[in-house]
Amino acid sequence: MKPKVLQILPMYHQAGETVLNEGADVVRTDNLDPEHLKQMVQHVEGVVLRAPAKMTSDIIRSNPRLKVISGAGVGLDNIDVQCATACAIPVLHAPSVNAVSTAEHALTLMLCLLRQIKLFQEKMHAGDFASRDTIVTNELRGKTVGLIGYGAIAQEVAKRCRYGFDANVVAYVRRIPDERQKRAHDLGVRLTTNLMELLSTADIVSVHVPFSPDTRHMIQREHFRAMKRSAFFVNTARGGVVNTEHLIEALKRGTIAGAGIDVFDPEPPPKDLPLLKLSNVVATPHIGGVTEEANRITSTTVARNVLRVLRGEMPEHIANPEVLGKNVKE
């Protein structure tokens, strides 16, 4: 008999749903009402959900027999991981599998800003071909790209900046263990534990840290003030890492030259968000990690991981490994 799994909202790719349905009896719902979800969860052994659906502590505790919860992708902002851990429930996701996709999007935003793509598009729509003679653009070659964080995505960005565009790369990290130093050295990346130094020297600052209580509003007014007035700011990580009001202030005052933003706090952002009305902002709706290729890999990874846990096997990716051995066999 197949285990029962609750799927809340579509997965990122049909391939993942196919894998999940082959190994489990899947119950699907698009109703995000908490009371409805509490009822649905009581009849399954596992849950796969996609934002904006949420697994709150009330929903998690409504079924003491729950064996696994998985996000549909990388982020876990919509799952109460602390509660799941207290209940000895593995929380799964698919980190790093969309690293290339997100890195390419970060590079896309950088290039759009440097080459004034948004402004040129507006001029072309207005029939102003002569704008090519008055608007100044810049190359990425020779520029200094400052990465905040140096995980899998940041390393993919660094690789493309160094080898594809001959740019200089500096990455801010809190610690520099030997293994991280070696990875950076191999790519020609300089690591620093001084965030203000990075901000003051970079031509482009790109954020690549996960969202957590420690990183909430990590980037604020004083950080934008430390940047060059000619510098661009790019965020493909999480909206909550940046104080949006302070970013808007910096853009309006010309403290920085422009921004490429793919993530917001909250999501979706309000339609009247002032950030979206600024001419020096390129904005996209959190699409950095959702290419066709990344969606397929992400969804199938998630599905296989959930089925592993339900078979009593070791999962490939787990956010709370401390629960291993409690209800997942080594």
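Quick one: is PRO269 surrounded by 18 or more Cβ atoms within 10 Å (Cβ to Cβ), at pLDDT below 95 and out of contact with any Ser or Thr (no Cβ under 7 Å at 6 or more places or on another chain)?
no
Just to be sure I understand the filter: pairs with C-beta atoms under 7 Å, separated by 6 or more residues or on different chains, first member in the range 38-54 and open to solvent by 50 Å² or more (accessible area, probe 1.4 Å), second member among the hydroxyl-bearing types (Ser, Thr, Tyr). Which pairs pass?
Final answer for the pair search is LYS38/SER62; GLN42/SER62.
Going by the conditions given, is ALA231 open to solvent by 30 Å² or more (accessible area, probe 1.4 Å), of a type in the set (A, V, I, L, M) and within 19 Å of LYS143 (Cβ to Cβ)?
For ALA231, the condition - open to solvent by 30 Å² or more (accessible area, probe 1.4 Å), of a type in the set (A, V, I, L, M) and within 19 Å of LYS143 (Cβ to Cβ) - is not met.
What is the one condition in (1) part of a helix (DSSP H, G or I); (2) in the same structural domain as ALA226 (by the TED database); (3) open to solvent by 50 Å² or more (accessible area, probe 1.4 Å) that LEU251 does not satisfy?
Going through the list (1) part of a helix (DSSP H, G or I); (2) in the same structural domain as ALA226 (by the TED database); (3) open to solvent by 50 Å² or more (accessible area, probe 1.4 Å), LEU251 breaks only (3).
The values are calculated or read from the model by the stated rules, or taken from the named source; none is laboratory data. Because the structure is predicted, anything quoted here is derived from the model rather than measured. Cβ sites come from the backbone with ideal geometry, for glycine too, and all protein chains shown count toward neighbours. Only protein heavy atoms, including side chains, enter the accessible area calculation; ligands, DNA and RNA are left aside. Shrake-Rupley method; radii C 1.70, N 1.55, O 1.52, S 1.80 Å.
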